[in-house]
Amino acid sequence: MTAGPLLRSISLFEGLTDQDLGDLGAELQRRALPAGAIVFDQGDAGSSMYIVESGEVNIHLPGDGSRRISLKDIARGEYFGELALFDEKPRSASVLVTTDAVLLELQRDTLERYLGHRPKVAMAILRTMSERLRETNTMLSARAAKNVDEEFEKNLSWSDRLADSVAALNGSWAFIVFLIALTIAWCLVNVGVLKPALDPYPFQFFNLALAILVGLQGPLIVMSQNRQSLKDRARADTDFKVNLKNEVNIETLLRELAEFRGEAKARAAVDGIVVTPVPRHGSVGTQGE
């Protein structure tokens, strides 16, 4: 099974020709991993990136129990670990296989042979990495919380507002009472008032008007429901970004606090001071030796 078609769907390799993709795909190493396997841990040395051929993996910041911070789920056609192709620094996150998966591994030296005489490929890779870095910086440096309803209202067209108004009207008692009153009035007028009747029994014109009304209401209501679904997904995405940013900030605070405690203990040991545990209703005590 060739990896060329899979590589073609990845923006990282959009500058390669079909022949280049075929040659590069032949160099990839296929790794089958069961669910629960660790691809690599945060801090490990890295020299390769991975492409998901099948299954799913999860990128996360390690932690004990609930302190593990999930960053992203990766599925078929997506890739991770590309930073290891350009530097020799430790991995910035851990990767866990969540379902049985097949990964295609691309080594650094293999890619270097292609980048040497294919500058367009290098620019595509740098552009993709820049987009990911911008997304991360935006999420962590700017306010992740936003008013989704307000954002949607700014971009609504007159047709969208009409669909929402029709959907809101149809779901109210006012519309039900109006339709019942109109039906009764139409029947009374055409049965006992007008001679000859404008629309005699069985009120075919009125039935036609109701059929047209129902036919127009259906698509408008569906349009409003589809937009509500988009709004709900936007809310969920905003909630995820807020929670992720809070978890990252809390993890950073805990790590800095642990470093501060370690440094305080080290200084206390040098100065000959014994740091006693914090009592339940008191403060930290020190005792000179």
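The values are calculated or read from the model by the stated rules, or taken from the named source; none is laboratory data. Small disclaimer: the values here were computed from a predicted structure and weren't measured. Glycine also receives a Cβ, built like all others from the backbone with ideal geometry; neighbour counts cover every protein chain displayed.
Regarding Leu198, is this residue surrounded by 10 or more Cβ atoms within 10 Å (Cβ to Cβ) and part of a helix (DSSP H, G or I)? No, not satisfied.
Might you check whether a residue that is surrounded by 13 or more Cβ atoms within 10 Å (Cβ to Cβ), on the phi < 0 side of the Ramachandran plot and modelled with pLDDT under 80 occurs anywhere in region 87-102? Within region 87-102, none of the residues are surrounded by 13 or more Cβ atoms within 10 Å (Cβ to Cβ), on the phi < 0 side of the Ramachandran plot and modelled with pLDDT under 80. Looking across Asn207, Asn246, one residue alone is more than 30 Å from Leu156 (Cα to Cα), assigned to a helix (DSSP H, G or I) and modelled with pLDDT of 80 or more. It is Asn207. Just one of the listed residues (Leu162, Leu156) is modelled with pLDDT under 80, more than 30 Å from His60 (Cα to Cα), surrounded by 14 or more Cβ atoms within 10 Å (Cβ to Cβ) and of a type in the set (A, V, I, L, M, F, W, C), namely Leu162. Glu88 meets all of the listed conditions (1) touching a Phe, Trp or Tyr at 6+ places or on another chain (Cβ under 9 Å); (2) part of a loop (DSSP other than H, G, I, E, B) but one, namely (1). Among the residues making up region 16-74, those that are modelled with pLDDT of 85 or more and acidic (Asp, Glu) are Asp41, Asp44, Glu53, Glu56, Asp73.
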